[in-house]
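The values are calculated or read from the model by the stated rules, or taken from the named source; none is laboratory data. These numbers come from a predicted model, not from an experiment. Neighbour counts run over all protein chains shown; Cβ positions are idealised from the backbone, glycine included. Side chains included, ligands, DNA and RNA excluded: accessible areas come from the protein's heavy atoms. Shrake-Rupley method; radii C 1.70, N 1.55, O 1.52, S 1.80 Å.
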Protein chains: 2
Amino acid sequence: MNEQEAAALFGALSNDDRLRVIRALVRAGPDGLAAGEIAEAIGASPSRASFHLSTLSEAGFVHAERQARSLRYRVDFDRIGALMRFLLEECCAGHPDLRSCCGS
Amino acid sequence: MNEQEAAALFGALSNDDRLRVIRALVRAGPDGLAAGEIAEAIGASPSRASFHLSTLSEAGFVHAERQARSLRYRVDFDRIGALMRFLLEECCAGHPDLRSCCGS
DNA sequence: CTTTCATTTCAAGTTACGTTGAAATAATAT
DNA sequence: ATATTATTTCAACGTAACTTGAAATGAAAG
């Protein structure tokens, strides 16, 4: 991961609707949620939710799988972890002040 | 910290020039760097660096202090840590997969 | 095969962000 | 006071992101 990729991933997180999407998917657990359920969970129109989901999906934070008529989305913790690790290790050189801050 | 504030902070990190600013300030240590030194470090014009610094400053990731003719900037690890903690604890409910990912 | 349901794509308008160079401010030295 | 250095602010432009509603796609049921 380089600065440019990390910047793009931070961009995918720079929207409160999308943060709520992640939160809803985390709460939902391994089964994930269908796109329509997500739209309802964050109080957005289907097309708006779809737009945010495609942004998150392109960033790799979520993945979709078709299940009958629905597209079921799941969160990818590895991808979020990779970004946090970049910020902590590459960007901040694993500085102790940040490690302790982050509860490590 | 709520979703809206966190989203704004992620927005401040969603630019590779600004990530390089943070990196340069981390490397510089407690003494920080003058705005002009930062501009040179990231290969940007003074006005462009100033623009990015004001974005980072507004987000609270850096702080400035005048020293003679120069404005000396320092990184705020607490602020970065607060954002990481939000992502880990609030947004992802302290999920074990993410904790381990992040080296805790 | 037609209808229905779930979701995405598209086009249009609005808003926000990034870049540039010139002008303005702030502090210091002569 | 004036000049010099460091930095920011401003205006203007181009580009990217967001929102909305309507149309299009994909899958399944009757």
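Under 10 Å from the Cβ of B:Asp97, count the other residues' Cβ atoms, weight Lys and Arg +1, Asp and Glu -1, and hand me the total.
Cβ neighbours under 10 Å give a net charge of -1.
Under the Karplus relation 6.51 cos²θ - 1.76 cosθ + 1.60, θ = phi - 60°, what is the ordered set of whole-Hz ³J(HN,Hα) values for region A:72-78, x standing for Gly and Pro?
9, 9, 10, 8, 10, 5, 4
With no solvent and one equal point scatterer placed on each C-alpha of the protein assembly as shown, evaluate the Debye formula and give log10 I(q)/I(0) for q = 0.13, 0.19 Å⁻¹, two decimals.
So the normalised log intensities are -0.71, -1.29.
Please report the projected area of region B:58-104's Cα convex hull averaged over all directions, in nm².
Projected over every direction and averaged, the Cα hull of region B:58-104 covers 4.1 nm².
Could you rank A:Cys101, A:Cys91 by how accessible they are, 1.4 Å probe, largest area first?
Details: A:Cys101 20, A:Cys91 0 Å².
Putting A:Cys101, A:Cys91 in descending order of accessible area: A:Cys101, A:Cys91.
Can you tell me, using C-alpha contacts under 8 Å and at least 6 residues apart, the relative contact order of region A:3-94 as a whole percent?
Working: 89 pairs, mean separation 25.4, N = 92.
Across region A:3-94, relative contact order equals 28 percent.
Once the whole set of protein chains is in place, how much accessible area is left on B:Asp97, using a 1.4 Å probe, in Å² to the nearest 10?
Rounded to the nearest 10, the figure is 80 Å².
Hey, what number do you get for the protein assembly as shown at 222 nm if only DSSP H runs of n ≥ 4 count, each worth -39500 (n - 2.57), divided across all residues, to the nearest 500?
Theoretical 222 nm ellipticity from helices: -17000 deg cm²/dmol.
Regarding region A:3-94, what are the three Cα extents along the principal axes, ordered largest first, in Å?
Principal extents (Cα only, largest first): 45, 23, 19 Å.
Testing the spin-label approximation: label points 7 Å from Cα along Cα→Cβ at B:Ser45 and A:Ser100. State their distance in nm.
Rounded to a tenth, the inter-label distance reads 4.3 nm.
Express in Å², to the nearest 10, the accessible area of B:Leu87 obtained by rolling a 1.4 Å probe over the protein heavy atoms while all chains stay in place.
10 Å²
Sort shortest first the distances from B:Pro30 to its counterpart in every other copy, using label points 7 Å along the Cα-to-beta-carbon line, and give them in nm.
Label point to label point, same position, other copies: 4.8 nm.
Roughly how many whole Å is it from the C-alpha centroid of region B:30-104 to that of region A:1-76?
26 Å
A:Ala35 versus A:Ser70, label points 7 Å from Cα toward the beta carbon: distance in nm?
Once both label points are built, they end up 1.4 nm from each other.
With every protein chain present, what is the per residue accessible area of chain B (1.4 Å probe, Å²)? Don't skip to the answer; put the middle values down first.
Values: 4970 Å² over 104 residues.
I get 48 Å² per residue for chain B.
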